[in-house]
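Trainee: Structure incoming, see below.
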Amino acid sequence: MEGAVIAEHISKTYTKGKKVQVGVSDLSFSVNKGELFGLIGPDGAGKTTMFHIFTTLLLADSGNASVDGNDVVKDYKKIRNTIGYMPGRFSLYQDLSVEENLDFFATAFKTTVEANYDLIKEIYVQIEPFKTRRAGQLSGGMKQKLALCCALVHRPTVLFLDEPTTGVDAISRREFWDMLKRLKEQGITILVSTPYMDEANLCDRIALMQQGKILVIDSPADIKKNYKNTLWSVKSNDMFKSLTDLRTFNATISCFSFGDEHHLSLKSDITEEMIINFLKEKGHTDIVVKKVQPNIEDCFMELMSTKTNADTTPNA
């Protein structure tokens, strides 16, 4: 498929006093037309930097990027007229009403709300009862829906959503992703960033990012399928002590807390009985051990561990 969004060897650094901070380092990837693509990673991974470059708000130090075949430097005016952008921080006019904000953005793109109402109708009907309320007085979920309407009001070909569900409740998060699926069905290419690993499963493909670099690009299912180690769920009477103890087990590759359990990555020749006996020797009781399937966060931690080991290996 033809790439709707393309990055080729993009690098960007920031200078704060005498300190140089890496935004992104030699990133290359492409997003297919009509694809829902996710940039997944914690704060500082480089997600917003890439969004600012794609949306022509920031110049890269090196490399090339394009959106719908338009160069982000040479054709920035064309790109600004054909994309939708929802920044991470709510940036609409807080003193204007819901209706006034929407009319303003439609006018800025030389269109009307009525002309593209079919695209935003399903979202807008949820906030229409509050159309005379000032945007600054809306709840987090309603602000999110209004911002999405404003980003869509001119019918963009590519939609950039930078951490759109940060700070909203779980129900609003789920509703938002349902809306994105329906927008995708209308042929809009969607590039979304999020620090929430569970949201990665809702994308067609994802790029897991850390410290300005991409660890892997693939579908969520294939990333989980390629998890290399045997993964165990472990519980005991003293979860804090068991985390410390399991990390000293000679077969442990990694061990991290996941909710009310530990996810323990081990060499493949280790049995459930061996784990239980080890914990009993350390004084633990009420031990529950079972094999589990890895999730995206497990895969991210494994990739991070692999990268850390490679970075600390001489001549790596």
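Please treat every number below as a calculation from the coordinates, not as lab data. This structure is a prediction, so every number in the text was calculated from the model and none was measured. We place every Cβ from the backbone using ideal geometry, glycine too, and count neighbours over all the protein chains shown.
Trainee: At 7 Å along Cα-to-Cβ for each site, give me the label-to-label distance between K225 and D269 in nm.
Mentor: Calculated label separation equals 2.9 nm.
Trainee: Between the stretch 95-136 and the stretch 1-26, what is the separation of their alpha carbon centroids in Å?
Mentor: 34
Trainee: Further, regarding this structure: Each residue of the stretch 165-175 in order: what ³J(HN,Hα) in whole Hz does its phi give by Karplus 6.51 cos²θ - 1.76 cosθ + 1.60, θ = phi - 60°, with x for Gly and Pro?
Mentor: Each residue of the stretch 165-175 in turn: 9, 5, x, 10, 6, 4, 5, 5, 4, 5, 4 Hz.
Trainee: Continuing with the same structure: Given labels modelled 7 Å from the Cα in the Cβ direction, how far is it in nm from K241 to Y93?
Mentor: Here the answer is 6.3 nm between the modelled labels.
Trainee: Considering only T230, T48, T165, give the residue with the highest GNM mean-square fluctuation for the chain, with springs between Cα atoms whenever their separation is below 10 Å.
Mentor: T230
Trainee: Roughly how many nanometres apart are two label points built 7 Å out from the Cα toward the Cβ at L59 and D103?
Mentor: That separation, rounded to one decimal, is 3.9 nm.
Trainee: Work out, in µm²/s and without decimals, the Stokes-Einstein translational diffusion coefficient of the chain at 37 °C, 0.692 mPa s, Rh from Kirkwood over C-alpha pairs.
Mentor: Once the numbers are plugged in, D ends up at 151 µm²/s.
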